[in-house]
Amino acid sequence: MEDGRVKVSECLHKPFQKAYELGWASISDSPEYGGMGAPATIGLIVSEAINGANLGLGMFFGLTSGAAKLIETYGSDMLKEKYIAKMFQGQYTGTMCLSEPHPGVQMSEQE
């Protein structure tokens, strides 16, 4: 954190941008919003390669794709138009917040 903003290590900036330029970061995401639309198996292969090289970088792509897919599935048309394409292009990122098992809901119990 720096001045209330998340600061990403400088060494990740170029690989992050390049992965979106080449379509790797959104390879199996919906073409309607700028993804490549490749089969999930291809997406998994690319994801494994990226995560094997740098798990921190891969988490940006996986969490962003997951958040965008939630908006795509359950969001209003306004939310879809506002966020998804920018997420699949690397302009916005997504995250996930989980609680610990003892005070709240466990993700493993979700359906």
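Kindly write out, for segment 25-30 in residue order, the coupling ³J(HN,Hα) from the Karplus curve 6.51 cos²θ - 1.76 cosθ + 1.60 (θ = phi - 60°), rounded to whole Hz, with x marking Gly and Pro.
Here the 3J(HN,Hα) series is 5, 10, 4, 9, 7, 4 Hz.
Among all helices in the chain defined by DSSP H, which have a length of 27 Å or more along the axis from Cα atoms plus a Kyte-Doolittle mean of at least 0.0? It would help to have the intermediate numbers written out before the result.
Values: long enough: 55-74 (28 Å, 0.92).
The answer, listed by residue number, is 55-74.
Determine, for Phe16, Phe60, Phe88, the number of other Cβ atoms within 10 Å of each Cβ, and report the residues in order from fewest to most. Kindly include the intermediate steps, with their values, before the conclusion.
Details: Phe16 18, Phe60 22, Phe88 25.
Starting with the residue having the fewest Cβ neighbours, the order is Phe16, Phe60, Phe88.
With only Lys, Arg, Asp and Glu charged, each at its Cβ (+1 for the first two, -1 for the last two), find how big the charge dipole of segment 10-109 is about the Cα centre; round to the nearest 20 debye. Please report the intermediate quantities before stating the final value.
Working: 6 positive and 10 negative charges, 45 e Å.
Dipole size: approximately 220 debye.
Of Ala25, Ala40, Ala67, which is the most mobile in a GNM of the chain whose springs link Cα atoms less than 10 angstrom apart?
Ala40
Given the -39500 (n - 2.57) contribution per DSSP H run of 4+ residues, what per-residue ellipticity at 222 nm results for the chain, rounded to the nearest 500 deg cm²/dmol?
Theoretical 222 nm ellipticity from helices: -13000 deg cm²/dmol.
List nothing, just return the count: lysine pairs in the chain, 8 or more apart or interchain, with Cα separation under 22 Å.
Details: Lys7/Lys18; Lys7/Lys86; Lys14/Lys86; Lys18/Lys69; Lys18/Lys86; Lys69/Lys80; Lys69/Lys82; Lys69/Lys86.
Value for the chain: 8.
Each reported figure results from applying straightforward, stated rules to the coordinates on display, with no laboratory input. The model shown is predicted, which means the values in this text are computed figures rather than measured ones. FYI the Cβ positions are ideal-geometry reconstructions off the backbone, even for glycines, and counts take in every protein chain you see.
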